[in-house]
Structures are given as structure tokens and as C-alpha cells.
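Handing you a structure now.
The values are calculated or read from the model by the stated rules, or taken from the named source; none is laboratory data. As the structure is a computational prediction, the values presented were derived from the model and not from experiment. Cβ coordinates were reconstructed from backbone atoms using ideal geometry, including for glycine residues, and neighbour counts include every protein chain displayed. Note: areas computed on protein heavy atoms with side chains; ligands, DNA, RNA excluded. Shrake-Rupley method; radii C 1.70, N 1.55, O 1.52, S 1.80 Å.
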Amino acid sequence: MSLDGLRAVADCGAWYAELRRTALQHHLTRELGEYTCNIVGTAAVFTAIDDPLRQIRAHRSPVASVGDPGRAGATIRWAWAAPDPDLPADLRVAELRRAGERLNVAELLAPELPLPCPPESLAPNVIAATIGAVAVQLTGAGPDLRVDRADGGFDVIMVTGLALPEPTFADLVAALPTLLDAVPVGDHRVALHGVAVRLGWHVVWQRIPEVGIDAGEVSHCVVTDGSSEISLSFDVNGQPLDAQPPHRDRALPA
């Protein structure tokens with residue numbers, strides 16, 4: 001059992017989760033400058049480094065606790081398997097297990113998932129982003145956040161209660177280099193479709209024979225919010241090939 005079993009769900013939520021994380025970071029940086037994050041009961045407390053009296057508090061929903069990925073025997077432990085008796089029940093925590101039952105995802109039903117001493121693909125940021133994308137996709141909450149612990153491990157939480165607008169098409173275009181190059185995704189076609197469906201954008205797909213590369217196929221798409229559009233192409237494995245600049249008020253191909 002590994003993160004591979006979570007990949008399909010994580011891919012579907014990966015781009016949306018990254019856009020939400022970016023919105024959270026921009027909001028906190030604008031309001032606080034450099035900041036720290038501490039967990040206090042059911043709250044995530046963000047504190048300005050240059051003025052500890054300036055704080056932003058948000059509700060936090062625990063998702064998972066991850067041991068130090070660099071140590072043998074490290075695990076992911078889902079929050080539903082280890083509820084804090086001193087805190088009120090959080091329905092979002094239970095939703096992950098219910099989603100596992102509904103979708104028949106064994107990795108969401110096991111209380112703990114073992115992590116091998118990681119190759120590059122299991123770096124802490126990859127683990128956190130994968131877990132966070134799963135949580136955001138299945139609960140509709142978030143954004144998700146990684147909170148490092150002193151023991152070398154970290155917690156993945158979702159924060160709610162902040163005035164964060166939903167991502168816009170302009171946000172997507174601005175974030176494309178990060179989405180295509182830095183976000184851990186197995187199949188970017190799934191990630192693109194996931195964010196488009198969630199935000200009400202339209203995607204037109206075309207399959208084009210790929211000349212000279214093992215007779216594979218290129219998936220080409222045009223994404224639009226009704227006023228702007230952008231073109232993207234992916235290889236047969238869902239990895240990005242290129243991106244065309246956005247255009248406004250241009251008719252989609254028939």
C-alpha cells in the first residue's frame with residue numbers, strides 16, 4: 001500500500017488544491033508579511049514575525065499526521081483513526097473515510113499507510129501535496145496546509161473560515177508554470193479536467209496523432225471561462241508539451 005493508490009483522486013484535485021494554497025499564501029503574506037503558523041486547539045494561528053500581536057486565526061480540520069519521511073518505518077496516519085478526545089468532532093475528518101468506502105480506495109480506509117525511506121518522488125512536499133489534494137478534492141474544503149513538527153514529521157490540515165475567493169481564470173494562467181512543472185501530478189489531463197469541472201470552465205479536447213514517437217497520441221485542449229481561453233497539449237502519459245498564451249473573446253473551434 002502506498003501513495004500510488006491515492007494518485008487518481010490526488011490528480012483530480014491537484015491543480016485546484018495548488019491554486020487554493022497559493023491564494024492562502026498571498027492572503028497571509030499581504031496581511032502579515034513573514035509569518036509563522038501554530039496549531040492551538042481547533043485553530044490554525046498565523047502570526048506576523050515582526051509583530052506577534054498581528055494574528056490571523058482560521059479553523060483547522062486535521063487530515064493526517066506524517067512521520068519523518070527520512071526515517072525507516074515512517075507512516076501516514078489519518079486523522080479519523082486518531083481523534084483528539086479534547087476536541088469536538090470534525091465532520092470533514094470523517095468524510096475522508098466515507099469517501100474511501102464510497103470509492104473503494106483502500107488507502108483511505110487503512111488507519112496508517114507505511115512510507116518507505118523515500119526516493120525523490122516521496123519527498124515531504126510530494127507527500128503533503130498528495131494528501132492535501134486528496135482532502136480538498138473529496139471534502140470540498142480547504143485550502144490544505146503542511147505544518148512541520150519538531151520531530152521531523154509534519155501534519156496536513158485544511159483551514160477554513162478565511163475570506164479567500166475562488167480561483168479565477170487569470171489565476172490559472174499565472175500559475176501554469178508551477179502547475180505544469182512543480183506540482184506532483186501523475187496525469188495533468190486529469191488535474192486540468194478536475195479544476196475545470198469544479199470552477200465551471202469548459203474544456204474542448206482533441207486527439208492528434210503524434211508523429212515519430214512510438215505511434216502515440218497527443219491530447220490537445222482549449223480551456224475557456226467564456227471570455228478567455230488557453231491551449232494546452234499533453235503526451236500519451238498526460239505530461240505537458242506546451243502552453244499557448246491566453247486569448248480573449250476568441251471563438252472556440254467547432
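Output the number of residues of the stretch 33-42 satisfying the condition of being open to solvent by less than 40 Å² (accessible area, probe 1.4 Å) and under 13 Å from residue 84 (Cβ atoms).
Qualifying residue count for the region: 1.
Please enumerate the residues belonging to the stretch 184-193 that are small (Gly, Ala, Ser) and open to solvent by less than 10 Å² (accessible area, probe 1.4 Å).
191
Here's something else I'd like to know. In the stretch 78-97, is there at least one residue being touching a Gly at 6+ places or on another chain (Cβ under 8 Å) and either farther than 23 Å from residue 44 by Cβ or in a strand (DSSP E or B) (or both)?
Checking the stretch 78-97: not a single residue is touching a Gly at 6+ places or on another chain (Cβ under 8 Å) and either farther than 23 Å from residue 44 by Cβ or in a strand (DSSP E or B) (or both).
Still on this structure, please answer the following. Have a look at 181, 148, 225 and point out the one that is surrounded by fewer than 17 Cβ atoms within 10 Å (Cβ to Cβ) and in contact with a Phe, Trp or Tyr (Cβ under 7 Å, 6 or more places away or on another chain). Working first, answer last.
On the way: 181 fails: in contact with a Phe, Trp or Tyr (Cβ under 7 Å, 6 or more places away or on another chain); 225 fails: surrounded by fewer than 17 Cβ atoms within 10 Å (Cβ to Cβ).
The conditions single out 148.
Go through the stretch 232-245 and count every residue that is closer than 26 Å to residue 166 by Cβ, at pLDDT 85 or above and surrounded by fewer than 18 Cβ atoms within 10 Å (Cβ to Cβ). Lay out the reasoning, then the answer.
Step one: of the stretch 232-245, the residues closer than 26 Å to residue 166 by Cβ are 232, 234, 238, 240, 243-245.
Restricting the remaining residues to those that are at pLDDT 85 or above gives 232, 234, 238, 240.
Then keep just the ones that are surrounded by fewer than 18 Cβ atoms within 10 Å (Cβ to Cβ); that gives 238, 240.
Within the stretch 232-245, residues that are closer than 26 Å to residue 166 by Cβ, at pLDDT 85 or above and surrounded by fewer than 18 Cβ atoms within 10 Å (Cβ to Cβ) number 2.
Looking at this structure, is residue 35 touching a helix residue (DSSP H, G or I) at 6+ places or on another chain (Cβ under 8 Å), without any contact (Cβ under 8 Å) to a residue 24 or more places away in the chain and farther than 12 Å from residue 159 by Cα?
yes
Quick check, is residue 205 more than 22 Å from the chain's Cα centre (by Cα), modelled with pLDDT of 85 or more, of a type in the set (Phe, Trp, Tyr) and open to solvent by 30 Å² or more (accessible area, probe 1.4 Å)?
Taking the combined requirement at face value, the residue satisfies it.
Inspect the stretch 156-172 for any residue being in contact with a strand residue (DSSP E or B) (Cβ under 7 Å, 6 or more places away or on another chain) and surrounded by fewer than 17 Cβ atoms within 10 Å (Cβ to Cβ) and give the result as yes or no.
yes
Based on this model, can you work out whether residue 167 counts as in a loop (DSSP other than H, G, I, E, B) and at pLDDT 95 or above?
Judged against the criteria, residue 167 is a match.
Of 173, 195, 126, 185, which residue is in a loop (DSSP other than H, G, I, E, B), farther than 25 Å from residue 45 by Cβ and not small (Gly, Ala, Ser)? Can you show your working first?
Values: 173 fails: in a loop (DSSP other than H, G, I, E, B); 195 fails: in a loop (DSSP other than H, G, I, E, B); 126 fails: in a loop (DSSP other than H, G, I, E, B).
One residue alone meets the criteria, 185.
So, one more: Would you mention how many residues in the stretch 59-84 are small (Gly, Ala, Ser), at pLDDT 85 or above and either open to solvent by 50 Å² or more (accessible area, probe 1.4 Å) or under 20 Å from the mean Cα position of the chain (by Cα) (or both)?
6
So which of 24, 87, 96, 91 is within 21 Å of the chain's Cα centre (by Cα), among the aliphatic types (A, V, I, L, M), on the phi < 0 side of the Ramachandran plot and open to solvent by 40 Å² or more (accessible area, probe 1.4 Å)?
Just one listed residue meets the conditions, 91.
Based on this model, can you work out whether residue 106 counts as out of contact with any helix residue (DSSP H, G or I) (no Cβ under 8 Å at 6 or more places or on another chain) and under 20 Å from residue 3 (Cα atoms)?
No, not satisfied.
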